[in-house]
Amino acid sequence: MHAQTLYEKLWSSHVVHQEADGTALIYIDRHLVHEVTSPQAFEGLKLAGRKPWRISSIVATADHNTPTDHWDLGIQDPVSRQQVETLDANIREVGSLAYFPFKDARQGIVHVIGPENGATLPGMTVVCGDSHTSTHGAFGCLAHGIGTSEVEHVLATQCLLQKKSKTMLVKVDGQLGRGVTAKDIVLAIIGRIGTAGGTGYAMEFGGSAIRALSMEGRMTI
């Protein structure tokens, strides 16, 4: 048996079924839900007469359409307010492990409140209907964004249809200069490989400069 990367270990430990062409169902440990990509998914479940497979995997918050100040004024935009109220109603109906609604002290950016509240843990598969979900990879998770139809699929089955990615190791060694941050590191990497340089790959980051980063810095990467 050959040595495995972290991605390969996470993948192999979560495969439920795999076809000969490599298409696989992988089990999802944590499903982060917000108000923008979930309404159609919950509606699809209702129309099909289904319920979420495992509500204890769901951690939800309103974050895309919530103001960051003047909470006393509420949500002024009617479409934004409707999306947040729809999430409130859906979570009341189906339940969740945790829900941080608008004006809750723990409410915030979905990819921040997960780690803050211990919902993101090493070794998990994590999905969310948001392109920034790979943030959770900083904690040793297999994490990626999914579309609305996939949000419904995960709610209904606790699984996601995937094909295994290729792997890429990016090593960054040395000590960062004064004023150089994690964002500078990742921008330099993008400048080297291009904006599509990681397409089809699960990228792992290593080297002394990465090891020296704070968790916030690793989340930025």
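Side notes on the structure shown:
- Within-11-Å neighbourhood charge of G140 [Cβ basis; K, R +1; D, E -1]: +1
- Dipole magnitude (debye, nearest 20) for the chain, charges at Cβ of Lys, Arg, Asp, Glu: 640
- For K164, the aspartates and glutamates whose Cα falls under 12 Å of its own Cα, not counting residues fewer than eight places away in the same chain, are E8, E19, D21.
- Unit charges at the beta carbon, dipole of the chain: most positive-side option, H2, Q76, H132: H2
- Here the scattering of the range 6-163 is modelled by Debye summation over its C-alpha atoms, one equal scatterer each and no solvent; at q = 0.09, 0.12, 0.14, 0.16 Å⁻¹ the log10 of I(q)/I(0) is -0.29, -0.50, -0.67, -0.87.
- Among W71, W11, a tally of other beta-carbon atoms within 10 Å of each Cβ gives an order, fewest to most, of W71, W11.
- Partners for K183 among lysines (Cα-Cα distance below 27 Å; same-chain residues under 8 apart left out): K166, K171
- Taking D104, D69, D88 in turn, the Gaussian network model of the chain (Cα-Cα springs below 10 Å) assigns the largest fluctuation to D69.
- Here the chain is scanned for trypsin sites (Lys or Arg not before Pro) in DSSP loops (not H, G, I, E, B) that have at most 12 other Cβ atoms within 10 Å, and the longest stretch holding none of them is 1-102.
- Set of aspartates and glutamates with alpha-carbon distance to K9 below 14 Å, sequence-local pairs under 8 removed: E204
- Ellipticity at 222 nm from helices only: DSSP H runs of n ≥ 4 in the chain, each -39500 (n - 2.57), divided by the residue count, give -9500 deg cm²/dmol.
- Charge tally in the Cβ shell below 12 Å around A209, where Lys, Arg are +1 and Asp, Glu are -1, A209 excluded: +1
- Net charge of the neighbourhood of Q18, taken over other residues with C-beta under 15 Å away and scored Lys/Arg +1, Asp/Glu -1, is -1.
- Gaussian network model of the chain, Cα within-10 Å springs - most flexible of H111, H31, H17: H17
- Mean Cβ count within 10 Å, highest first, over the residues of peptides 198-204, 126-132: 126-132, 198-204
None of the figures in this text is laboratory data; all of them are computed from the coordinates on show. Bear in mind that the values here come from a model prediction, so they are computed numbers and not experimental data. Here Cβ is always computed from backbone atoms with ideal geometry, including for glycine, and neighbour counts include all displayed protein chains.
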